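> One structure, as structure tokens, below. Some questions next.
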Amino acid sequence: MEMDDWWFGWKGFTPEWPCPGKVVLMVGAGISIESPTQLPGGYDLTEALLDHLLDNKAASEIKTVFSQCNQWMGRSLPRLEHVLDKAFEPSTIEGAERSGSARELLRIFSHRPPNANHHLIADYLIKHRSWCITTNFDDCIEQAGCHQIPVHVIDPDTKAFDILHREYGEDWGIIKIHGTIEHGCSGLGATLADLEHGLPEVIKTLLEQVTVQADLMVVAGYSGTDHFDVNHWIRERWNGDRSTRLVWIGHSSEVKQEFWRPDDQENREPMVYWQGAFGGMKIQYGPTAELLTSLLGVSSRTLADTGEGNDWWRIALTEYYIPTEKEKYLTGTRLASSMGLGQLAEEQLRYLKRRLENDNLLVPFEAEIYYSRGFIAEALLIQNYLKSPHEKVRNVNRTGLIRAKNKPATALLFYLARWLRGPLKVSFDEQIDAFGCMLDIAERRQKWRLWQSKPLRCLSEKICILSRRYFMRLENTKLPLYLHGRLQMQSIRLGTLFYDEEVFPFGEVWNLLYRESNPPSFYTPFGPAIPGFYLTERSTAREEDRIADLALANINYVNILLSALRRRWPKGSKSVFKERQQKDGYFDSGEYVVTYIVRLLNESSQIISVLNAPHLQIHVARAWIRADSILGGIEYWKQQRLYLGTPPSLKSA
């Protein structure tokens with residue numbers, strides 16, 4: 001049977017009709033949950049680590065906040081990699097050094113017996129010399145194959161590509177994206193810091209080669225939410241050969257098929273990315289081992305239960321690493337501050353101070369917490385006297401703090417003076433803030449009619465581009481995904497403020513911000529002819545648990561849409577009436593844009609209320625005021641579909 005006949009004649013998984021083509025597997029932690037392996041799923045492990053690594057107050061409040069933000073974050077708990085990132089990060093604070101290596105917690109993934117899923121996959125790989133891609137740390141598939149399956153992985157010591165068990169071949173085996181426990185706990189990609197730069201090029205090239213050569217990719221036991229590396233590669237697949245088909249197996253006790261179609265509101269990972277990266281997609285729910293047996297044509301084994309309890313790993317966590325009270329407060333401070341929970345972070349830091357003899361080295365934390373609480377002047381004061389930060393602080397820099405005081409011109413002058421003293425000392429965050437200051441100034445001038453003239457817009461654009469070229473080091477740099485997302489939004493702001501409607505039309509701005517992607521519209525047999533464009537600011541804020549930054553990203557979207565509306569209708573109701581006349585009474589009223597703006601601002605207000613961060617409501621209020629000045633009253637425009645009546649000047653004519 002040909003692959004096309006099998007695919008288009010699909011009647012679900014049946015043992016009589018296994019896939020006739022070449023299959024590559026993509027598996028995640030879900031295949032290791034069943035007995036006798038009994039490793040925890042991501043949700044259970046995250047919840048257990050919150051209780052283990054934080055004090056009761058911090059763990060409870062973080063869980064509560066996430067449960068209330070579930071509809072916007074897509075999760076009811078923080079990301080596992082985020083929790084581990086804050087727990088594993090070394091402390092340079094005297095008196096709060098780590099009492100032991102927190103990475104030893106990852107030992108729960110070592111020496112686990114393989115289950116039926118692992119044996120089935122190992123049997124298929126050995127029989128067909130095929131490939132399996134996995135994000136799992138454990139070596140259960142390798143054990144099931146008696147360590148006769150090549151393992152393609154990055155060596156944590158040399159950072160070079162390596163093949164374990166190379167003697168069994170180099171053109172098949174297991175690709176371990178996040179490392180293997182065979183290299184020890186230190187070599188596992190378990191934190192945001194390990195993942196934020198994406199996949200190594202050698203791994204990305206191998207993944208693409210393996211996928212292109214296969215007729216079918218089968219995903220099993222995998223959530224598909226590796227935003228920073230795997231999904232970044234998946235997004236890039238939109239621009240290449242997409243002939244490979246995809247089958248997604250969701251574990252369930254009942255066998256059923258689902259035809260997934262994204263609606264207009266659906267732009268979240270994983271399926272919207274994965275569906276667009278393959279030549280077709282089918283989703284099937286049921287027992288994972290049973291479905292894999294039918295699909296691959298390999299019989300499943302029945303294994304005896306070891307009698308080990310399901311909660312063995314909870315006991316093991318306490319054996320491998322127990323944080324001290326100081327360490328709990330240190331981790332709680334870091335975690336709460338990064339999420340935007342300023343009050344909780346301040347409370348955790350206060351508890352930590354009481355237990356330290358010398359708390360001077362906590363000053364960098366105070367700057368970050370003052371910033372998250374909205375005390376900009378105090379944070380700026382600390383930054384001015386802080387010579388060399390002892391802890392990694394991502395968002396706090398002096399240019400950004402001055403900009404947060406609503407003084408973009410002052411912030412820009414400060415940045416230029418700082419750059420002239422030492423260009424290499426300026427962080428990427430600070431450079432992007434400086435670029436944002438230039439656009440803030442242009443955005444304020446946009447309301448002036450003279451500033452809207454084409455010569456002044458072109459002049460402003462040239463100044464921004466030249467400043468970015470000579471005073472910033474943002475070009476041709478592989479940035480972390482969160483910085484890439486920030487830079488994307490500033491580039492879109494620049495286009496909206498300075499380009500003509502013919503060059504960057506309002507419809508394109510709307511589609512880009514609403515769908516958070518601008519996929520190519522012209523396709524060849526091998527995929528899109530023109531690369532797509534993907535916005536990552538909001539999705540990265542969600543995946544990094546930066547709840548406060550998600551609210552601010554919503555406001556950025558609103559301001560860009562308002563700039564686009566002001567450019568389209570610079571004279572308000574007169575411009576609306578003129579456009580209606582030119583189009584013989586029919587024109588795009590833009591009601592959907594107003595509805596989306598209202599939705600984003602309402603969401604931001606609700607998120608900020610959950611965070612108990614009233615200082616951020618100022619940003620929402622400014623956006624409402626700007627929207628009211630541009631749209632002539634949100635509710636009025638929404639109800640009247642932007643029809644503001646005939647201008648008096650035209651009535652008299």
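The values are calculated or read from the model by the stated rules, or taken from the named source; none is laboratory data. All values derive from a computational prediction rather than experimental measurement. Neighbour counts are summed over all protein chains in view; Cβ atoms, including those assigned to glycine, are modelled from backbone coordinates with ideal geometry. When the accessible area is computed, the model is the full protein with side chains, heavy atoms only, and any ligands, DNA or RNA have been set aside. Shrake-Rupley method; radii C 1.70, N 1.55, O 1.52, S 1.80 Å.
> Looking at (1) over 29 Å from residue 20 (Cβ atoms); (2) in contact with a Lys or Arg (Cβ under 7 Å, 6 or more places away or on another chain); (3) not aliphatic (A, V, I, L, M), which is the one condition that is false for residue 172?
Going through (1) over 29 Å from residue 20 (Cβ atoms); (2) in contact with a Lys or Arg (Cβ under 7 Å, 6 or more places away or on another chain); (3) not aliphatic (A, V, I, L, M) one by one, residue 172 breaks only (1).
> Of the residues in region 178-218, how many are closer than 20 Å to residue 247 by Cα and open to solvent by less than 40 Å² (accessible area, probe 1.4 Å)?
Of the residues in that region, 7 qualify.
> Specify the residue that is farthest from residue 542 (Cα to Cα); the eligible residues are those in region 554-599 that are modelled with pLDDT of 80 or more and open to solvent by 50 Å² or more (accessible area, probe 1.4 Å).
Ranking the candidates gives 592 first.
> Same structure again: How many residues does region 328-378 contain that are modelled with pLDDT under 80, of a type in the set (A, V, I, L, M, F, W, C) and surrounded by 19 or more Cβ atoms within 10 Å (Cβ to Cβ)?
The total comes to 2.
> If residue 54 satisfies every condition in (1) open to solvent by 30 Å² or more (accessible area, probe 1.4 Å); (2) out of contact with any Asp or Glu (no Cβ under 9 Å at 6 or more places or on another chain) but one, which is the exception?
Residue 54 satisfies all of (1) open to solvent by 30 Å² or more (accessible area, probe 1.4 Å); (2) out of contact with any Asp or Glu (no Cβ under 9 Å at 6 or more places or on another chain) except (1).
> Looking at region 423-445, which of its residues are assigned to a helix (DSSP H, G or I) and among the small types (Gly, Ala, Ser)?
Answer for region 423-445, where residues must be assigned to a helix (DSSP H, G or I) and among the small types (Gly, Ala, Ser): 434, 436, 442.
> Across region 499-544, which residue is most open to solvent (accessible area, probe 1.4 Å) among those that are at pLDDT below 75 and polar (S, T, N, Q)?
Filtering first and then ranking leaves 521.
> Which condition from (1) more than 22 Å from residue 543 (Cα to Cα); (2) open to solvent by 10 Å² or more (accessible area, probe 1.4 Å); (3) not hydrophobic (A, V, I, L, M, F, W, C) is the one that residue 244 breaks?
(2)
> Return only the number of the condition from (1) part of a loop (DSSP other than H, G, I, E, B); (2) at negative phi that residue 47 does not satisfy.
(1)
> Shifting gears a bit: Tell me whether region 173-185 contains one or more residues that are among the basic types (Lys, Arg) and outside any strand (DSSP E or B).
Among the residues of region 173-185, not one is among the basic types (Lys, Arg) and outside any strand (DSSP E or B), which makes the answer no.
> Which pairs turn up if I take residues in region 69-80 that are in contact (Cβ under 8 Å) with a residue 12 or more places away in the chain and over 20 Å from residue 331 (Cβ atoms) and look for partners that are among the basic types (Lys, Arg) and not in a helix (DSSP H, G or I) with beta carbon separation below 6 Å, at least 6 apart in sequence or on another chain?
Going by the 6 Å Cβ cut-off, the qualifying pairs are 74/268.
> Continuing with the same structure: Residue 159 - would you say it is modelled with pLDDT of 95 or more and among the basic types (Lys, Arg)?
Judged against the criteria, residue 159 is not a match.
> Let me ask something else. Only residues that are over 22 Å from the mean Cα position of the chain (by Cα) and either farther than 28 Å from residue 144 by Cβ or among the aromatic types (Phe, Trp, Tyr) (or both): list them for region 26-74, please.
51, 52, 53, 54, 55, 56, 57, 58, 59, 60, 61
> Cβ-Cβ distance below 6 Å, separation of 6 or more or different chains: which pairs start in region 16-33 with a residue that is farther than 17 Å from residue 122 by Cα and end on one that is open to solvent by 50 Å² or more (accessible area, probe 1.4 Å) and of a type in the set (Val, Ile, Thr)?
Nothing qualifies.
> Scanning region 446-498 for residues that are in a loop (DSSP other than H, G, I, E, B) and open to solvent by less than 30 Å² (accessible area, probe 1.4 Å), which turns out nearest to residue 430 (Cα to Cα)?
Checked region 446-498; the qualifying residue nearest to residue 430 (Cα to Cα) is 472.
> Please pick out the residue among 276, 286 that is modelled with pLDDT of 75 or more and on the phi > 0 side of the Ramachandran plot.
Just one listed residue meets the conditions, 286.
> Could you give every pair whose Cβ atoms fall below 6 Å, whose first residue belongs to region 281-303 and is within 23 Å of residue 4 (Cβ to Cβ), and whose second residue is part of a loop (DSSP other than H, G, I, E, B) and open to solvent by 60 Å² or more (accessible area, probe 1.4 Å), counting only separations of at least 6 or pairs across chains?
294/15
> Looking at region 192-209, is at least one residue among the polar types (S, T, N, Q), assigned to a helix (DSSP H, G or I) and touching a residue at least 12 places away in the same chain (Cβ under 8 Å)?
No: region 192-209 contains no residue that is among the polar types (S, T, N, Q), assigned to a helix (DSSP H, G or I) and touching a residue at least 12 places away in the same chain (Cβ under 8 Å).
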